[in-house]
Amino acid sequence: MAMCEIEFDEGERGLIQGHADAAGMSFSEFVRSAALERAEDMADIKAYDEALNGDDGTRYPMEEVVRMAEEAE
C-alpha cells in the first residue's frame, strides 16, 4: 500500500478524528474511505452527465418497461 502525507490543522484533525471514532474507524481508515467515496461520487456524476448528453428524450411508462423486461426473459 502506498503512503501519502496530508496536512490538517488541529481543528480539522479533531473534527475528522471525532467522526472516525464515532464510526469505529482509525483516522487513516476514515480519511481513505471518505476520499474513495468522494471519487466514486464524482465518477457517478460524470457517468450521469454523459448519459444525459446521449439522452434522446424517449420515455416509457412503468407498465411498458415491465412488459419489455418480461419479453426479454
Are any residues in the range 7-37 assigned to a loop (DSSP other than H, G, I, E, B) and surrounded by 10 or more Cβ atoms within 10 Å (Cβ to Cβ), and if so, which ones?
F8, M25, S26
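Which one of these is closer than 30 Å to M3 by Cα and part of a helix (DSSP H, G or I): E40, E63? Lay out the reasoning, then the answer.
Values: E63 fails: closer than 30 Å to M3 by Cα.
Checking each option against the conditions leaves just E40.
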Within the range 34-50, work out how many residues are under 24 Å from D21 (Cβ atoms) and among the basic types (K, R).
1
Against the conditions (1) at pLDDT below 95; (2) exposed (fewer than 10 other Cβ atoms within 10 Å of the Cβ); (3) not in a helix (DSSP H, G or I), where does A51 fall short? Just the number, please.
(3)
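The values are calculated or read from the model by the stated rules, or taken from the named source; none is laboratory data. Small disclaimer: the values here were computed from a predicted structure and weren't measured. Positions of Cβ are backbone-derived with ideal geometry, glycine not excepted, and every protein chain shown enters the neighbour counts.
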